[in-house]
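Step one of this worksheet: look at the structure below.
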Amino acid sequence: MKFKEHERKDISFIFVSAPCQMKNYLQPLFEFNGEYYHTEKFAIEYFKSKGYDAFFCENEVWIKLFVCLLNDELKRNPNHKPDIKNINEYLYDDEFFKNNEKKITERFNNLKNLNLAGEVRDNLPEYDYKVIEICNRFENDQILQVLFHMVQNFNARKRGFPDLFVFNENESFFSEIKANSDSLSYVQVKKHEVLLKAGIQVGLFAINKRKSWQKRAEKRYFNDAVFRRGNLIDMYDSKIYAANKVYDQLLDENIEEFKRDFLNHHDFDTFLGFLIAIEELPFNQKVKSINSPSKKLIEDSIEMGLKLKRLRILKEGRILENKKKYHDAIKEYSKVDSFKSYKRIIYCYRALNDYENELNYIYNGINNSNFKKNDIGFFKRRLKRFFKNKNDYTKIKTSKICPYCGSTVVLNVFKSRNKIKFFTCENEKCYWYGGVYKGNVNEIQNL
């Protein structure tokens, strides 16, 4: 599929400094003209002061465009009606694109000469000025180039679009907002690259960032080796998504004994390949395939299993590479007893999902007498974030007494986060930490 040649744009940067305060110790608010705003709203107010209009769009606008313009091509069966609400319930991966490439390509060729805004109005039940604005601001080829990137593996490529769309009479661009310690993710960088290649301007709006951050960010763009590897990882994730979905459906219908029988003859990767191979079949045919799989189906499953194994090895290599990077950073920062070193170590443990060590360093920071009051405030805010989701854990009262304030000690039992359990003081203003509990929850004495 060829699109009109556009000049590849370069990423642009805007740096802004603003007083910041934390709302309930969770979300930062930034001051602009005497008022405090959330991150994206602050950026919108800034752009308005410079003579632009701006609105929040992120992934939603592009997904709406995707569904509206490719409605017929996304149908999985004659009775299927794709819409914004159910689009995520179906698998649209690289295999779907390969099987429907001719039909999809014909649709894109037709769209090149149509009024995209008019097509959206015909297919979108509720008028959305955001989608129409973007259609009117860019050439058909620019928009279709981005959508063609999405349709090749929608499940893996529907995320990462910039936060805001900014425009005036003469200019329009997308803006990614990053504030304080926020960093660019791999998915965001890759999506920005897609827009830039289509000749669509993308800017990074940095709040309270140092200029050195720009150089580190620029190095991540147009790195072909990174993006090739990333595409393969996306492919693996979308395949596993399909397999899990089929398996969940079979479990819902109490069809689970086939897994044990299947694994008696084949490895687990082939089992996943089998689930992917029957994903498109109606449920009664899925059952038939499970009861008496054909020779071809087994061969396809083995072939898919080998492909999944190669992709999994690639992804595991990426994960190990990142883990090594974080462990090396922890080793270096541990040599220095400073606020900055504690802060970096906490971020590393968070990235490694090592919640026990993360919590240890948070409490060590709170109780470190060498740190300033503002530094200790950072660790207290991190602790608030750690306990942000009340549904993620339960509190069990114990017979222990806090050695700092005399309040009751509670055992915090997390449902996720590696199911860790640790003692803290019931008094939220007391930051005593009693360590991790390794025993059985049922043995804790309730008051």
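Excluding same-chain neighbours fewer than eight residues apart, the lysines reachable from Lys219 by a Cα-Cα span under 17 Å are Lys9, Lys178, Lys190, Lys191, Lys197, Lys209, Lys211.
Phi-derived couplings, Karplus 6.51 cos²θ - 1.76 cosθ + 1.60 at θ = phi - 60°, listed residue by residue for region 277-291: 5, 9, 4, 7, 6, x, 4, 5, 6, 4, 4, 4, 5, 5, 6 Hz, with x used for Gly and Pro. Say we join alpha carbon atoms closer than 10 Å with springs in a Gaussian network model of the chain; which of Val413, Val166, Val151 then has the biggest fluctuation? Of Val413, Val166, Val151, the Gaussian network model singles out Val413 as fluctuating most. Given Cys20, Asn86, Asn99, which one lies farthest toward the positive end of the charge dipole of region 1-102, if we put +1 on the Cβ of every Lys and Arg and -1 on the Cβ of every Asp and Glu? Ranked along the dipole, the leading option is Asn99. Rolling a 1.4 Å probe over the protein heavy atoms of region 272-426, with every protein chain left in place, gives an accessible area that is 49 percent carbon and sulfur. Here the extension length gained between Val287 and His265 equals 6.1 nm, from 0.36 nm per residue of separation less the Cα-Cα distance. When the helices of the chain are scored as -39500 (n - 2.57) per DSSP H run of n ≥ 4 and the total is divided over every residue, the value at 222 nm lands at -16000 deg cm²/dmol. Each of Trp213, Trp62 has its accessible area taken with a 1.4 Å probe; listed largest first, they run Trp213, Trp62. Heavy atoms of the protein chains alone define the surface here; on that basis region 15-164 has 49 Å² accessible area per residue at 1.4 Å probe size.
Ligands, DNA and RNA excluded, the heavy atoms of Arg382 present near 30 Å² of accessible surface to a 1.4 Å solvent probe. Rounded to the nearest whole Hz, the Karplus-based 3J(HN,Hα) values (6.51 cos²θ - 1.76 cosθ + 1.60, θ = phi - 60°) of region 139-144 follow the sequence 6, 4, 4, 5, 5, 5, with x at glycine and proline. Within the same chain, lysines fewer than 8 places from Lys286 are excluded, and of the rest, those with a Cα less than 25 Å from its Cα are Lys75, Lys81, Lys98, Lys239, Lys245, Lys259, Lys295, Lys296, Lys307, Lys309.
These residues, Tyr129, Tyr342, Tyr92, go from largest to smallest accessible area, 1.4 Å probe, as Tyr129, Tyr342, Tyr92. The H on the amide N of Lys400, modeled in the peptide plane, is under 5 Å from the matching H of Val409, each at least 5 residues off or on a different chain. In percent, rounded to a whole number, the relative contact order of region 307-447 is 15, using alpha-carbon pairs under 8 Å and six or more apart. This model, with +1 at the C-beta of Lys and Arg and -1 at the C-beta of Asp and Glu, gives the chain a dipole about its Cα centre of some 1920 debye. Structural descriptor for region 392-447: relative contact order 32 percent, calculated from alpha carbon pairs under 8 angstrom and at least 6 residues apart. The phi torsions of region 322-335, fed into the Karplus equation with coefficients 6.51, -1.76 and 1.60 and a -60° offset, translate into couplings of 5, 4, 4, 4, 5, 5, 5, 5, 4, 4, 5, 5, 5, 6 Hz, rounded to whole numbers, with Gly and Pro shown as x.
Computing Rg and the Kirkwood Rh from the Cα coordinates of region 335-447 gives a ratio, Rg/Rh, of 0.97.
Amide H contacts of Phe55 (H built 1.01 Å from N, in plane; Pro and chain starts excluded): Phe165 sit under 5 Å, all sequence-distant by 5 or more or on other chains.
Under the convention that each Lys and Arg Cβ holds +1 and each Asp and Glu Cβ holds -1, the size of the dipole of region 264-360 around its Cα centre is about 300 debye. Got the relative contact order for the chain handy, in percent, Cα pairs under 8 Å and 6 or more residues apart? Taking the mean separation of contacting Cα pairs over the length of the chain, I get 12 percent.
The values are calculated or read from the model by the stated rules, or taken from the named source; none is laboratory data. These numbers were taken from a predicted model, which means no experiment stands behind them. Glycine gets a Cβ as well: all are built from the backbone with ideal geometry, and neighbour counts include every protein chain shown. Side chains are part of the model used for accessible areas, which takes the heavy atoms of the whole protein and leaves out ligands, DNA and RNA. Shrake-Rupley method; radii C 1.70, N 1.55, O 1.52, S 1.80 Å.
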